[in-house]
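The values are calculated or read from the model by the stated rules, or taken from the named source; none is laboratory data. If you're wondering where the values come from, they're calculated on a predicted model, not measured in any experiment. Don't worry about glycine lacking a Cβ; one is built from the backbone with ideal geometry, like all the others, and counts go over all protein chains shown. All accessible areas refer to the heavy atoms of the entire protein, side chains included, with ligands and DNA or RNA removed. Shrake-Rupley method; radii C 1.70, N 1.55, O 1.52, S 1.80 Å.
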Amino acid sequence: MRSSTPVLLILAVLGSVLPGGAADPSGSALPNPEDRLAVARGSQLARTYCTTCHLFPEPDAVDRATWFEQILPRMKYRLGFSTAELDRSADVQTLRQHHRIPLEPVVTEAQWLDICSYYLANAPEKPLPQTAPLPIGLGVPGFESAILPIRSPQPAVTALRILPEGGALMADDFGKSLQWVGPDGRVAGGAALGASVGSLRPVGGSMLASGLGSFMPTDERGGSVFWLRPTNGWSATPPVLSGLPRTTDANEADLNGDGRPDLVVSCFGNNLGRLSWWESMADGSHREHELLPIPGTLRTEIADFDGDGRLDIAALVAQETEALFLFKGDGRGGFTRSTVFQRPPYWGHSHFTVADFNRDGRPDFLVTNGDNGEFSSPAKRVHGVRLHASQPGGGWKEAFFLPLYGAYHSVVRDFDRDGDPDIATISFFPEYQKAPRGSFVFFRNEGADRFTASTFRESATGRWVSMDAGDFDRDGAEDILLGSYIKGPTPVPTALLDGWQKTGRPLLLLRNMTPAGGQPPVAPSKSP
């Protein structure tokens with residue numbers, strides 16, 4: 001989840017940013033989006049000062065109301081302006097103490113009004129629509145949905161992992177616990193954890209887990225890394241690392257060639273955070289090596305991405321950075337950072353996975369972006385699923401884009417057993433009123449970067465935040481398991497929330513019915 005400063009405090013910083021340019025009753029000047037000279041000055045100022053922290057945000061990224069109510073207030077305090085209310089904000093104090101925002105304004109009040117004039121003059125009245133989204137048919141070819149016999153007083157799944165022997169592990173934020181679900185869909189055991197879980201990564205027969213501390217953004221140091229061992233069910237070990245910023249992911253590999261597995265830990269944090277690899281020492285302790293001293297790292301993958309025979313680290317970073325970085329390893333614990341891509345701060349990156357879509361033997365990156373933050377904000381036309389495909393001369397290039405509002409997590413498998421990878425995607429921020437089918441979308445690969453989209457009838461029976469694929473029911477086919485977190489940070493229709501609370505269903509299984517030899521898919525219906 002993304003970070004936010006209390007809205008009332010932020011609005012106090014902006015003051016009255018209204019079209020028209022007249023003075024308010026106190027005599028203060030207001031931005032004037034009808035003043036062409038002010039707009040021209042603001043355009044140049046925005047390109048000069050906004051890009052000191054992130055890529056340039058175009059005015060048409062969101063509508064005028066969102067600029068006025070949410071983005072411009074945040075921009076102003078990050079340029080060094082303040083009020084008595086903001087001076088009392090813990091978030092702002094933290095940012096100042098760690099030199100993340102200037103202590104004094106970097107532009108004058110008049111220059112700030114010009115920047116506001118530029119954005120208000122060029123922002124659309126309503127959010128711009130997505131370009132050519134795929135029609136989503138009803139009925140996922142080869143799958144049937146199964147509501148599992150497990151209930152929760154408040155579904156709050158933060159991490160899922162289907163086990164090799166069938167069934168799954170489910171991390172529950174409401175109870176701060178782990179539940180072991182058998183292949184029959186019933187709870188087979190559990191363990192108290194005392195904290196939210198960000199990720200579950202299988203290593204050998206155990207599970208490497210990251211402890212968020214808190215699902216919602218915070219700068220408290222409640223993050224941790226620990227192991228889950230399958231001893232008399234599943235149980236948690238004492239933390240290997242603790243006292244970390246909010247930790248969204250932990251990974252493991254021998255990065256310096258000493259024969260001991262090291263850790264790569266994504267401390268997303270909130271206003272503060274970092275990405276580090278932790279060297280495994282002979283005495284069992286770990287020594288930290290910082291790779292990226294900023295907040296927002298979501299997760300990593302470790303592989304030989306550049307083909308030199310040494311392990312590298314790919315890291316997806318959100319917050320204002322919004323980039324995929326590659327840390328090229330030298331095999332001895334040294335890393336050199338390069339950028340695969342970077343986007344503006346409204347992009348909302350949420351997840352990535354590695355797969356070979358173009359069958360060249362080199363890894364490609366499938367990336368979802370659709371995080372809409374902790375405040376009400378319109379869905380953005382840039383949200384969706386993108387493949388960054390490896391290129392013959394090195395590097396990666398965007399090969400296709402599948403628009404999907406609120407896209408949050410994708411898994412890649414050859415679900416229909418026809419020889420090419422398909423994509424299953426969930427949205428944590430779909431447009432429930434206008435496009436509820438976007439809560440879950442199955443993109444069937446038709447070849448040549450073409451896909452058909454479908455969903456299942458019960459797709460809106462949960463607010464899906466986590467997902468995994470694997471043989472849940474032990475029949476030899478790859479199933480899809482969805483985890484629901486109903487108390488999300490942004491509003492949903494009351495009828496949906498009431499239904500989620502009443503049924504209390506934390507999980508939903510899409511059972512893959514495709515036989516081992518495959519079968520022609522059934523075309524999904526486009527009727528309601």
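Annotations
- Among residues that are closer than 22 Å to Leu387 by Cβ, modelled with pLDDT of 95 or more, in contact with an Asp or Glu (Cβ under 6 Å, 6 or more places away or on another chain) and not in a strand (DSSP E or B), Phe472 is not included.
- Considered as a group, the residues in the stretch 246-272 that are part of a loop (DSSP other than H, G, I, E, B) and hydrophobic (A, V, I, L, M, F, W, C) include one that is farthest from the chain's Cα centre (by Cα), and that residue is Leu255.
- Boolean, Gly204 is surrounded by fewer than 24 Cβ atoms within 10 Å (Cβ to Cβ), small (Gly, Ala, Ser) and farther than 15 Å from Pro506 by Cα: yes
- Scanning the stretch 342-360 for residues that are free of Cβ contacts under 8 Å to residues at least 60 places away in the same chain and buried (at least 17 other Cβ atoms within 10 Å of the Cβ) returns Trp347, His349, His351, Phe352, Thr353.
- Of the residues Thr461, Thr455, the single one that is more than 17 Å from Pro155 (Cβ to Cβ), crowded, with 17+ Cβ neighbours inside 10 Å and touching a residue at least 40 places away in the same chain (Cβ under 8 Å) is Thr455.
- Single match in Gly296, Gly307, Gly329, Gly333 (criterion: surrounded by fewer than 20 Cβ atoms within 10 Å (Cβ to Cβ) and either β-branched (Val, Ile, Thr) or touching a strand residue (DSSP E or B) at 6+ places or on another chain (Cβ under 9 Å) (or both)): Gly333
- Qualifying positions in the stretch 477-496 - open to solvent by 40 Å² or more (accessible area, probe 1.4 Å), part of a loop (DSSP other than H, G, I, E, B) and modelled with pLDDT under 95: Lys487, Pro491
- Residue match in the stretch 402-424 (condition: touching a Phe, Trp or Tyr at 6+ places or on another chain (Cβ under 9 Å), open to solvent by 20 Å² or more (accessible area, probe 1.4 Å) and of a type in the set (Gly, Ala, Ser)): no
- Taken over the stretch 497-528, the criterion of being modelled with pLDDT of 95 or more and part of a loop (DSSP other than H, G, I, E, B) is satisfied by Gly504, Arg505, Pro506, Met513.
- Residue in the stretch 416-426 that is of a type outside the set (D, E, K, R) and without any contact (Cβ under 8 Å) to a residue 40 or more places away in the chain present: yes
- Check on Asp371, assigned to a loop (DSSP other than H, G, I, E, B), touching a Gly at 6+ places or on another chain (Cβ under 6 Å) and under 29 Å from Arg413 (Cα atoms): yes
- The residue that is nearest to the chain's Cα centre (by Cα), among those in the stretch 293-352 that are among the polar types (S, T, N, Q) and over 27 Å from Thr425 (Cα atoms), is Ser338.
- Tabulated pairs, the stretch 59-76, first without any contact (Cβ under 8 Å) to a residue 12 or more places away in the chain, second open to solvent by less than 10 Å² (accessible area, probe 1.4 Å), C-beta under 9 angstrom, 6+ apart or interchain: Ala65/Ala123
- Lone qualifier among Phe442, Phe428 - being open to solvent by less than 10 Å² (accessible area, probe 1.4 Å), among the aromatic types (Phe, Trp, Tyr) and more than 17 Å from the chain's Cα centre (by Cα): Phe442
- Residues that are small (Gly, Ala, Ser) and touching a strand residue (DSSP E or B) at 6+ places or on another chain (Cβ under 6 Å) were ranked within the stretch 146-185; the one that is nearest to Thr237 (Cα to Cα) is Ser177.
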